1. Say each of residue 45 and residue 85 gets a label point 7 Å from the Cα, pointing the same way as Cα to Cβ; how far apart are those two points in nm?
2. Can you give the calculated 222 nm mean residue ellipticity of the chain, where each DSSP H run of n ≥ 4 adds -39,500 (n - 2.57) and the sum is split over every residue, rounded to the nearest 500 deg cm²/dmol?
3. Between residue 131 and residue 97, what is the spin-label point distance in nm, taking each point 7 Å from the Cα along the Cα→C-beta axis?
4. Working from Cα positions, state the angle (0 to 90°, nearest 10) between the long axis of helix 3-12 and the longest principal axis of the chain.
5. Taking 0.36 nm per residue of sequence separation and subtracting the Cα-Cα distance, how much length would be gained by fully extending the chain between residue 108 and residue 13, in nm to one decimal?
6. Would you kindly state the longest site-free stretch of the chain, with sites defined as trypsin sites (Lys or Arg not before Pro) in a DSSP loop (not H, G, I, E, B) surrounded by at most 10 other Cβ atoms within 10 Å?
7. What's the angle, to the nearest 10 degrees (0 to 90), between helix 82-99's Cα axis and the longest principal axis of the chain?
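Please treat every number below as a calculation from the coordinates, not as lab data. Just so we're clear, the structure is a prediction, and the values are computed from it rather than from any experiment. Cβ coordinates were reconstructed from backbone atoms using ideal geometry, including for glycine residues, and neighbour counts include every protein chain displayed.
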Amino acid sequence: MSLVRDIIAQLLASQTVFKMVGGAADFSMIETRRSGTPAAYVMVADEASGENERATGRILQRLETDIAVVIVTDNLSDGRGGAAADDIEELKTFVRARLIGFEPSDAAEPVTHISGDLIKAHGGAVWFEDRYSVPTYLEEQP
């Protein structure tokens, strides 16, 4: 499995919080075909490789992968958007509880949290991006 699929599966396991959990392809269609909120979209945001860790033989590099989880919610129950802001806080707490310390199948270490940023807040909708680090290793194949 890929890191993204493992994380999507972790967010979907035994939950009734999100109406939709998808990947980058789903996120790319969000403006034209939003399939319900709250939703979470999981994708690789950034990758950075370290130096070769071996002096001889095949190459072995540590790969730090940043995974973005974009949480989207709508709540028009109040005119000022406070309800959506409250909802996003609960959703962030849920996602963080599911992912921090989780060990995807290909990971070298458990998932850690890097940062979170408000992407958009308009018309009762709130979009929030949380970033997580998932280290793996790249190894030269024979």
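1. Distance between the two pseudo-spin positions: 2.2 nm.
2. Counting only the DSSP helices, I get -7000 deg cm²/dmol.
3. Reported label-point gap for residue 131 and residue 97 is 2.6 nm.
4. 40 degrees
5. Net length gain for the segment: 32.0 nm.
6. Counting only loop sites that pass the neighbour cut-off, the longest clear stretch is 81-142.
7. 30 degrees
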